[in-house]
Amino acid sequence: MSLVSKAKKAKLDLAVYRFAGDLPAESYASTEYELSLVDETDAVRRFFGDDSEWRDRYFEYLNDGYVGMALHDDGDLMSYGWILTPESKRAPRALPDSICDEECYWLFDAGTEPEYRGLGLFKEINRVRTEWILERDPAAPIYTDTGVDNVARYGIESSEFEPYGTMSLFRVELPGTPLWKWGRWNRHAEHPPMPE
């Protein structure tokens, strides 16, 4: 088997959004939670220690200068999300490296644990990350993205983000080599119809 045939290739079509609303003061969540920054290895171990793949990836996130946030119930993880900051060293896997030249903040890699879905926590993790950014830099440009076919688009748009073009990202991974990726952000492209 040739090295090229072992390559992992992917093309991602992303809907990009820009924060353009007024940050609501009240929570979107219909349940109580505690908020913690995931900005050191102990916090990664606390929330993701049971899964070595994610734990190791999030250790890399810390090394790359990303900031994470976790919504939890007495340490029981409910929802989480990460932030690329202007100080971050490189873009995450799902974004082209040119994003780091934008001097912006980018919300990425958010998720809600299955048993906590339907409680508004995805919108809430977007709200608390945006609030953290605006407290740090009130004029900050803030973006996020998701796959064009991802129902998360509904939650993004209802948490004060508006469509801001589309992005195509191409990734190639060969065994034993760094990830190669390149992309194109068309800021004026209309989003495709919402997924059902």
Checklist line | Counted residues, segment 171-196 - those being surrounded by 13 or more Cβ atoms within 10 Å (Cβ to Cβ), outside any loop (DSSP other than H, G, I, E, B), modelled with pLDDT under 95 and of a type in the set (A, V, I, L, M, F, W, C) | finding: 1
Next item on the list: Check segment 86-95 and report whether any residue there is closer than 19 Å to Ile156 by Cβ and hydroxyl-bearing (Ser, Thr, Tyr).
Entry: no
Next item on the list: Assess whether Trp132 counts as being part of a strand (DSSP E or B) and either open to solvent by less than 40 Å² (accessible area, probe 1.4 Å) or modelled with pLDDT of 95 or more (or both).
Entry: no
Item checked: Count of residues meeting criterion [loosely packed, with under 12 Cβ neighbours inside 10 Å and closer than 19 Å to Arg93 by Cα] in segment 11-50 -> 1
Notebook entry, point to check: Just checking, how many residues over segment 137-168 are part of a strand (DSSP E or B) and of a type outside the set (Val, Ile, Thr)?
Noted result: 10
Notebook entry, point to check: Does Arg117 satisfy the condition of being open to solvent by 50 Å² or more (accessible area, probe 1.4 Å) and either in contact with a helix residue (DSSP H, G or I) (Cβ under 7 Å, 6 or more places away or on another chain) or modelled with pLDDT of 95 or more (or both)?
Noted result: yes
Checklist line | Matching residues in segment 158-170 - criterion: being more than 30 Å from Ala29 (Cβ to Cβ) and open to solvent by 50 Å² or more (accessible area, probe 1.4 Å) | finding: Phe170
Check: Under the condition of being loosely packed, with under 13 Cβ neighbours inside 10 Å and in contact (Cβ under 8 Å) with a residue 24 or more places away in the chain, which residue from segment 51-77 is farthest from Arg117 (Cα to Cα)?
Finding: Asn63
Checklist line | So Ala29, is it touching a helix residue (DSSP H, G or I) at 6+ places or on another chain (Cβ under 8 Å), under 21 Å from Tyr143 (Cβ atoms) and not acidic (Asp, Glu) | finding: no
Item checked: Tally of residues being open to solvent by 70 Å² or more (accessible area, probe 1.4 Å) and under 22 Å from Asp42 (Cα atoms) across segment 78-109 -> 2
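The values are calculated or read from the model by the stated rules, or taken from the named source; none is laboratory data. Everything numeric in this text was worked out from a predicted model, so none of it was measured. Every residue, glycine among them, receives a Cβ derived from its backbone with ideal geometry; neighbour counts consider all protein chains shown. To get the accessible areas, we keep the full protein, side chains included, count just its heavy atoms, and leave off ligands, DNA and RNA. Shrake-Rupley method; radii C 1.70, N 1.55, O 1.52, S 1.80 Å.
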